[in-house]
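What follows is a short report on a single structure.
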Amino acid sequence: MRYHALAGTERSALAASDGDDVYDLTSANPNVETFSDLARAANITEQTIDDVAEGLIDDAERLSSDYLDERIGRPVAPDEVWATGVTYHISEQAREAESGTPDVYLDVYEGDRPEIFFKATESRTVGPRETVGVRGDSTWDVPEPELAVVLYRGEIVGYTVGNDVSSRSIEGENPLYLPQAKIYDRCCSIGPCVASTESVSDPHGLEMSMRIERDGTVLYEESTSTSEMVKSCEELVSYFTRHNVVPEMAVLLTGTALVPDEGFTLEPGDHIGIEIDDIGVLENTVTTV
Ligand code: DO4
Ligand code: MG
């Protein structure tokens with residue numbers, strides 16, 4: 001099952017979709033307004049999220065897919081977003097090329113302990129069709145399409161698409177500037193839905209693609225597979241939750257696998273579309289913050 005937030009309605013609501021069928025779960029139980037409410041109910045009743053949703057569907061209003069499409073919002077409000085890095089060879093090579101201290105990236109790519117960093121709060125995280133930010137003091141900015149793991153109390157409950165928008169000029173100047181390259185207004189996007197663990201066939205075998213358009217011209221279009229990831233989602237989550245009491249609702253980005261050529265930098269108005277199999281397409285336009 002896939003879970004979507006309905007935005008722009010007079011009340012917040014959670015929808016579930018299964019193929020072409022869309023249900024307003026909040027109409028069946030007004031206490032289930034968000035994905036966090038559903039995850040909490042599943043945790044308390046010791047059921048899966050899909051089991052709780054299936055129990056609500058009989059009493060839920062049916063929605064058209066057009067209605068859902070017009071109102072799609074950020075599918076989950078994460079207390080914290082964290083990210084892992086250099087989990088794909090292409091990312092390791094790009095960081096080596098841009099940095100005056102290339103060895104740190106190779107060491108992490110080859111090492112057991114992954115790079116894990118704080119990425120965003122809820123207030124810095126946008127949803128589908130909202131604008132993502134590039135910093136006004138940065139000269140080289142890129143989207144980073146990433147498979148994102150959704151965690152309830154540290155356990156994987158689903159997957160979404162994430163965009164770890166980043167300043168390569170600031171990170172490239174000095175790795176100690178990483179927090180400034182990564183954390184700022186509108187630096188992260190997630191969506192369009194949370195796909196439950198049951199609905200993602202194999203998180204390590206998903207096709208992922210990204211397309212960047214400027215004034216209707218496609219500037220970048222590439223695809224890859226999460227099978228290229230050097231670590232598993234479970235390993236990344238295990239390091240993330242080690243000696244670290246994580247909040248009730250967290251999202252962990254699993255690293256970028258698609259890197260535009262060095263001459264490319266995002267500009268305001270650019271349109272970014274990131275698609276991951278079994279989850280969907282996350283679309284955003286760019287603004288300067
Ligand atoms: O060390 C830099 C960040 C790496 C990253 O964000 C990625 O590989 O996706
Ligand atoms: Mg990244």
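The values are calculated or read from the model by the stated rules, or taken from the named source; none is laboratory data. Predicted, not measured: the structure shown is a model, and the values here were computed from it. FYI the Cβ positions are ideal-geometry reconstructions off the backbone, even for glycines, and counts take in every protein chain you see. We work out accessible area using only protein heavy atoms, side chains counted, and drop any ligands, DNA or RNA first. Shrake-Rupley method; radii C 1.70, N 1.55, O 1.52, S 1.80 Å.
Carbon-plus-sulfur fraction of the accessible area of the chain, 1.4 Å probe, in percent? Its accessible area is 43 percent carbon and sulfur atoms. Taking amide H atoms as placed 1.01 Å from N in the peptide plane, the amide H of SER225 lies under 5 Å from those of MET208, each 5 or more residues away in sequence or on another chain.
Centroid-to-centroid, using Cα positions, the range 201-275 and the range 66-86 are 13 Å apart. Would you please state which residues of the range 127-171 a label at HIS271 would reach in this model, taking the label point 7 Å out along Cα→Cβ and a backbone N cut-off of under 18 Å? Label zone hits: 127-133, 143. Shown are PHE264, PHE118, whose ranking by accessible area with a 1.4 Å probe and every protein chain present, most to least, is PHE118, PHE264. For the residues ALA41, ALA148, ALA16, a GNM of the chain with alpha-carbon springs under 10 Å puts the largest fluctuation on ALA41.
With charges set only on the Cβ (+1 for Lys and Arg, -1 for Asp and Glu), what does the dipole of the range 1-44 come to about its Cα centre, in debye to the nearest 20?
That gives the range 1-44 a dipole magnitude of about 200 debye.
Between GLU110 and GLN180, the FRET efficiency from the beta-carbon distance, with R0 = 41 Å, is close to 0.95. Phi angles of the range 271-280 translate, via the Karplus equation with coefficients 6.51, -1.76, 1.60 and θ = phi - 60°, into HN-Hα couplings of 10, 10, x, 10, 10, 10, 3, 6, 10, x Hz per residue; Gly and Pro are given as x.
Backbone phi angles across the range 181-194, fed through the Karplus curve with coefficients 6.51, -1.76 and 1.60 (θ = phi - 60°), yield HN-Hα couplings of 6, 10, 10, 6, 4, 6, 7, 9, 10, 9, x, x, 8, 9 Hz in residue order; Gly and Pro are listed as x.
Helical runs assigned H by DSSP (4 residues or longer) give the chain a calculated mean residue ellipticity at 222 nm of -6000 deg cm²/dmol, each run adding -39500 (n - 2.57) before division by the residue total.
For the range 208-225, 3J(HN,Hα) computed residue by residue from phi via the Karplus equation (6.51, -1.76, 1.60; θ = phi - 60°) reads 10, 9, 9, 9, 10, 10, 10, 6, x, 9, 7, 9, 8, 8, 8, 9, 7, 9 Hz, glycine and proline entered as x. Between ALA13 and LEU6, the built amide H atoms are under 5 Å apart, and every one of these is 5 or more places off in sequence or on another chain.
Sorted by mean Cβ packing within 10 Å, highest first, what order do the peptides 62-72, 247-257, 47-57 take?
The most tightly packed comes first, giving 247-257, 47-57, 62-72.
Note that the chain presents 43 Å² accessible area per residue, ligands and nucleic acids not counted, probe 1.4 Å. Highest mean first, the peptides 186-194, 201-209, 121-129, 163-171 sorted by other C-beta atoms within 10 Å per residue fall in the order 186-194, 163-171, 121-129, 201-209. Would you mind checking the tilt of helix 35-45 against the longest principal axis of the Cα atoms of the chain, expressed as 0 to 90 degrees and rounded to 10? Helix 35-45 sits roughly 60 degrees off the main axis of the chain. If the segment from ASP58 to GLU213 were pulled out straight at 0.36 nm per residue, it would be longer than the present Cα-Cα gap by 51.6 nm. Pairwise Cα separations in the range 73-135 fall into 5 Å bins from 0 onward with the following percentages, short to long: 4, 16, 19, 17, 15, 16, 11, 3, 0.
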